[in-house]
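Readers should treat all values here as calculations from the given coordinates under stated rules, not as data from a laboratory. What you are looking at is a predicted structure, and each value in this text was computed from that prediction instead of being measured. Because the Cβ atoms are built from the backbone with ideal geometry, glycine has one as well, and the counts that use them run over all protein chains shown.
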Amino acid sequence: MNVVLIGYRGCGKTTVGRMLANRNDAGFVDTDELIVHQTGASIADIFANQGEPHFRKLEEAAIKMATKSAGRVISVGGGAVESKTNRSTLRGYGTVVWLQADVQTLWNRISSDAQSHGQRPNLAGGGLEEVEQVLNRRTPLYAELAHVAIATTNRHPNAIAEDIEAWLALQ
């Protein structure tokens with residue numbers, strides 16, 4: 001199982017990814033968590049102190065590291081798709097699944113997640129407008145990269161994992 005989960009922050013990549021990996025005896029890597037572990041700094045701190053370009057270099061290295069081993073479910077940061085190198089690496093690794101949710105759902109999840117506050121950077125001034133603006137920019141990239149899109153709005157992570165498994169079984 002070589003599966004990559006992409007999508008905007010709050011769409012369920014880490015939760016669904018862990019569940020999917022556990023259900024299929026696969027490894028799981030969250031590249032954002034890998035970066036935090038390797039640097040000892042939160043993503044927000046990296047953005048604030050070293051800038052987004054530095055973070056994106058760390059992200060590219062984390063993706064290359066994560067995709068070196070087969071049999072994994074990999075969750076990447078929402079902005080990873082903005083790099084052509086990352087898109088090529090992820091597409092070459094395996095099946096790319098785009099987890100989708102509507103803007104209001106994403107905002108509700110992000111704003112109610114205590115871990116997101118202080119750990120993740122604002123990318124366009126914050127709030128619902130940020131989600132909408134950044135999602136609009138990234139949607140064509142998610143669509144270009146994904147083999148399949150799975151809706152996550154108002155759905156339990158277990159049902160989402162089952163949908164991914166069902167889609168994979170048909171391939």
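Here are some notes:
- Likely footprinting exposure, Leu20, Leu58, Leu170, fewest C-beta neighbours within 10 Å first: Leu170, Leu58, Leu20
- Contour minus Cα-Cα distance for Asn154 and Arg23 (0.36 nm per residue): 45.0 nm
- Overall, region 1-45 carries a charge dipole of about 200 debye about its Cα centre when +1 sits on the Cβ of Lys and Arg and -1 on the Cβ of Asp and Glu, all other atoms neutral.
- Summary of packing: across the peptides 71-83, 99-111, 33-45, the per-residue average of other C-beta atoms within 10 Å ranks them, highest first, as 71-83, 99-111, 33-45.
- Computed over the chain, relative contact order equals 34 percent, with contacts defined as Cα pairs under 8 Å that lie 6+ residues apart.
- Of the chymotrypsin sites (Phe, Trp or Tyr not before Pro) found in region 1-52, no site is in coil according to DSSP while having at most 13 other Cβ atoms within 10 Å of its Cβ.
- Compared with the rule-of-thumb size 2.2 N^0.38 Å for a compact globular protein, the chain has a Cα radius of gyration ratio of 0.96.
- Under-5 Å amide H pairs with Phe28, H placed in peptide plane, nonlocal only: Val73
- On full extension, the segment bounded by Asp45 and Asn108 gains 20.4 nm, given 0.36 nm per residue less the C-alpha separation.
- From its DSSP helices (H runs of at least four residues, each -39,500 (n - 2.57)), the chain gives a residue-normalised ellipticity at 222 nm of -17500 deg cm²/dmol.
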